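Worksheet: one structure, shown below.
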Amino acid sequence: MTAPRVRLLPLVPEALLALAVVASSAWTLRFFLEFGYLPQPFVFDTNDTFMDWFNTAYWANNPGIYNVWRSIYPPLSFVFLDATSLPGCYLHNSFTARDCDWLGRGTIYIFYVIDVVLAWVCFRRLDRRTAPTRTIAIALGLPMLFTIERGNLILVAFAFFMIAHGPVTSSKPWRWFAAAVTINFKPYLVLPMLAHAVKRDWRTLEVAGIATIALYLVTLALVGSGTPMELAANTANWVVFQGGQVWNEVNYSTSYAPLLMFRTLDIPLLQFVPSRLIETIEFLVPIVIRSSQLVALAALAAAWLQPRALPTHRIAAILLGAYLVTQSPGGYTQLFLLFLVLMETWKGAGPIAAIVCAYLLCLVGDWPLATVLDVTSASWLGERTVTASFGLTAGHFIRPGLIVIMLWALSLDSIVRVVRAHRSQRPSLGLVVA
């Protein structure tokens, strides 16, 4: 076999996986054109498209962000949405604002384009051969399309995330600023930044931390509310509220944890699935989560001993992956993890398994197992009344499992790399790499 053919051989699996992503997106489009709504795992409220954006924008243009709406978003979200919305559209409610505010809708579309372009830039600078397929996975994959349909601010945060963690720029100040923006949009994104602590890159951690606090204080002054105490109190309230939203948590989750709440559902689930399945879930889920946390912790401990053995994006992926396996802040948060995983090279069993899982998580659509409810409502996207069927699907069990496999694959591969590194270099136990 000639050398060029050998080099092209690894591209075939990724090309096939990317084609599967395109095919699944095309199937979803066909389903939408026929039935007028998006199938699971898109949310069953067919009139709620873009409302993550416009509900938040409504409060950016009206008083009561933290004491009435009880938002858990830091003030940056409201500063940004105030600057990218038309105030006159928010005099009544967020639904009328969605139809009126062309600037808000346009900002959603613009940031989708920005995200795709930045993903292309990142992947092309890493490997020109795999850049097209990996960009397709990000652009047409379920996490991105779900984020757009919800109009979630992850769409904005993701652009800055790629600047902070990808090879978009070599300018450290820009990367520090981008990291500060991501954390102020989504505070859990502090986790990938902790990879710099494992690498003993204290300057990056310090300056990015200062920038994060400075940006928070500036936006706090601009909004006039959103203090740490308000955010903490509202987060506690949100946790209680989400505890009663079991179906929303299960529908598109990164973790098996919401499955443990099946028995609290108002819907008589045992009419649709055998009780033994529920009992098996209750037995296995804690084991899967705890064992995944342990293997991730072992990989991070190994990385601490040999900080040069692993790239920063690998450590960041393990940190974020462990969090997403433990609990689910929403299926669209996979976007950040998938980007970090797709920065890996197609080499070695661990990275290859993780990359395959990333592509599979980008497949759009689901396989229904049992219809639980039929909802008749207006479809904003379809511009007609529809009856949407939703229920238990294979994806509820498969997608969290793929994230578990991804975490295990990267963690075990990292441990192996560290063991190999020990052969030529002594472990580093101090706060500074020798």
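Checking Cβ-Cβ separations below 4.7 Å across the chain identifies Cys122, Cys357, Cys362 as cysteines lacking any candidate disulfide partner. Placing one equal scatterer on every Cα of the range 272-338 and applying the Debye formula, the log10 ratio I(q)/I(0) at q = 0.13, 0.28 Å⁻¹ is -0.49, -1.15. For Val325, the shell of other residues with beta-carbons less than 13 Å away shows a net charge of +2, using +1 for Lys and Arg and -1 for Asp and Glu.
Taken one residue at a time, the phi angles of the range 183-197 give Karplus couplings (6.51, -1.76, 1.60, θ = phi - 60°) of 5, 6, 7, 9, x, 5, 6, 5, 4, x, 5, 5, 4, 5, 5 Hz. Gly and Pro are set to x. Counting protein heavy atoms only, the range 347-434 has 64 percent of its accessible area on carbon and sulfur, 1.4 angstrom probe.
Descending by average beta-carbon neighbour count within 10 Å, the peptides 133-142, 68-77 line up as 133-142, 68-77, the highest first.
Between Thr345 and Ala26, the FRET efficiency estimated from the beta carbon spacing at R0 = 25 angstrom works out to 0.30. Calculated mean residue ellipticity, 222 nm, the chain: -20000 deg cm²/dmol, from DSSP H runs (n ≥ 4) at -39500 (n - 2.57) each, averaged per residue and rounded to 500. Of the trypsin sites (Lys or Arg not before Pro) in the range 402-434, the ones in a loop by DSSP (not H, G, I, E or B) with at most 10 other beta carbons within 10 Å are Arg423.
A simple spin-label model places the labels of Arg290 and Arg129 4.4 nm from each other, with each point 7 Å out along Cα-to-Cβ. At 1.4 Å probe size, with the rest of the protein present, what percent of the exposed accessible area of the range 83-184 is carbon and sulfur atoms? The C+S portion of the solvent-accessible surface of the range 83-184 is 70 percent.
Summary of the geometry: the range 179-252 and the range 51-68, compared by the centres of their Cα atoms, lie 18 Å apart. For the range 300-353, what is the Kirkwood estimate of the hydrodynamic radius, computed as the reciprocal of the mean inverse distance between distinct Cα atoms, to one decimal in Å? After inverting the mean inverse Cα-Cα distance, the result is 12.1 Å.
For a test of the definition: using alpha carbon positions, the gyration tensor, and the 1.5 limit on a/c, classify the range 4-90 as rounded, prolate or oblate.
prolate
Among the listed values [x] 75; [y] 42; [z] 46, the one matching percent of Cα pairs over 30 Å apart as calculated from this structure is [z]. The peptide list 375-382, 96-103, put in order of mean Cβ contacts within 10 Å with the highest first, becomes 96-103, 375-382. Each peptide in 218-229, 154-165 gets a packing score, the mean of other Cβ atoms within 10 Å over its residues, and the list from highest to lowest is 154-165, 218-229.
Across the chain, the relative contact order, built from alpha-carbon pairs under 8 Å that are at least six residues apart, equals 23 percent.
The values are calculated or read from the model by the stated rules, or taken from the named source; none is laboratory data. Since we're looking at a predicted model, the values are computed, not measured. Ideal geometry is used to build each Cβ from the backbone, glycine not excepted, and the neighbour counts take in all protein chains shown. Just so you know, the surface numbers come from the protein's heavy atoms only, side chains and all, with ligands and any DNA or RNA stripped out. Shrake-Rupley method; radii C 1.70, N 1.55, O 1.52, S 1.80 Å.
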